[in-house]
Each structure stands twice: as structure tokens, then as C-alpha cells.
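Q: Please see the structure below; I have some questions.
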Amino acid sequence: MPYNKALLSGKFSAALQIFRRARRYNGIRGSTLGILKWIRRILTGGPFYIRLSRDKINVINSKSGSSFIDEPIVAISEPPNRTILAIGSKARIAGGVSINPFSHPRLFVYEFEVLEKLFQHAFSVVSNSRVLAPTPMVVIHVVEKLEGGLTDIEKRVLREAAFSAGAYDVKLWEGPELTNQQLQAGEYTPGAI
């Protein structure tokens, strides 16, 4: 396809280079959807580290260092609409029904949809991309010590909520807190569950 190289400047030139790299990454027959997923992963940045407890959610982008720290509360309007009014500490004063997905006495997670929306919001806050929805690799660390640890169902709920929020890979971590260097080097896999 002939094109005038003089016309290629700035952002268009960078986008064309990314597109060519993505075609090579996905092979000659790389689909457009595969190319878009690859571009979204690049724009998202490094792995996202999520530390969860019953009263706090902390999401850190290990590449850029940006973080989201807030209460895990979502304010939802009354049925039948059920739209999100506010997330985090603002949800306490927003009205509607305030839900903390971690406030059940027997389970760590009991409200899947609320947890998914909480993850989506946190991903968009710490993401480098403002145009495309983030598709990060996620490491989830439940900081709170639970009697007997997480059940298999709770582990699956955490994974599925992160996948539903846009993650392309999810690891659950048990052990000491990870540093940004460990996350970028991939040193979280031995203790991953």
C-alpha cells in the first residue's frame, strides 16, 4: 500500500508503528480484535497490584506508580434502576444503598457485581490509557488474615470479578507484600494460588 512518508508525523506515525508491530506479534493473519487487545495491553502499563481488606482497597499500577486507595463501598440507586451513584468514600454521602462487597460475616466476598464495578473504577483510575478500557495483568493480594484462608469459591469469585472488569490475566497471591520491582520482574508466581 503506497503512502506519502511526509504525511506521517507525530501520533499517526507512532500509531502506524504500533499497528505494524502488532501485526508481526499476531502473525500475518492477525485479526483486528487481536491487534486491539495487544494495543490495549501496551497502553495499560505494568501489572496491577490489588491489596484487599474489608475496609480498604488499594490498586497500584506497578509501571507508572499511580494508585487508587479508598473504601470498598459503592452507592447504588434503589431498584429497579440500580445505577451507580458513587464509589469509595463519596458513596457514604451519595444517598441510595451503600454496599461493601466484603462486609459479610462468613464470606470475604458476597456481592459479585459490586466488586466488578469497584475493580473497573480502580482500573480506569490507575490506567495510563484514557481512551481505551484498560486490560491489565492483575495480582490480587488479600491482606486480611482469614480463618482457614480463602475458600475455592472466594478465589474463583475474585478471579472472575477481575476478568469481568477487563483483566487479561489474574493471579492470587498469599504471602508478604510485593514491591513494584518484584511485580515487574514477575516474582509473584511461586506464592500464587
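The values are calculated or read from the model by the stated rules, or taken from the named source; none is laboratory data. Every value quoted in this text rests on a predicted model; they were computed, and no experiment measured them. Heads up, the Cβs are rebuilt from the backbone with ideal geometry, glycines too, and the neighbour counts pull from every protein chain shown. For accessibility, only protein heavy atoms count, side chains too; no ligands or nucleic acids. Shrake-Rupley method; radii C 1.70, N 1.55, O 1.52, S 1.80 Å.
Q: May I ask for the net charge around L118, where only other residues with Cβ less than 11 Å from the Cβ of L118 are counted and Lys, Arg are +1 while Asp, Glu are -1?
A: On the way: positive: K117; negative: D70, E71, E111, E113, E116.
Neighbour charge sum, excluding L118 itself: -4.
Q: Between D55 and T179, how many nm apart are label points set 7 Å from Cα along the C-beta direction?
A: Distance between label points: 2.9 nm.
Q: Rounded if a/c is under 1.5, else prolate if a/b is larger than b/c, else oblate: which is the stretch 72-193, with a ≥ b ≥ c the root eigenvalues of its Cα gyration tensor?
A: On the way: a/c = 2.13, a/b = 1.35, b/c = 1.58.
Oblate is the answer for the stretch 72-193, as a/c is 1.5 or above yet b/c matches or exceeds a/b.
Q: If you don't mind, another one. Given H placed on each backbone N at 1.01 Å, which residues far from L85 in sequence or on other chains put an amide H within less than 5 Å of it?
A: So L85 has HN proximity to A75, I76, S77.
Q: Where the accessible area of the stretch 82-158 is counted over protein heavy atoms with a 1.4 Å probe, how much of it, in %, is carbon and sulfur? Kindly include the intermediate steps, with their values, before the conclusion.
A: Values: 2280 of 4260 Å².
So the carbon and sulfur contribution to the accessible surface is 53 percent.
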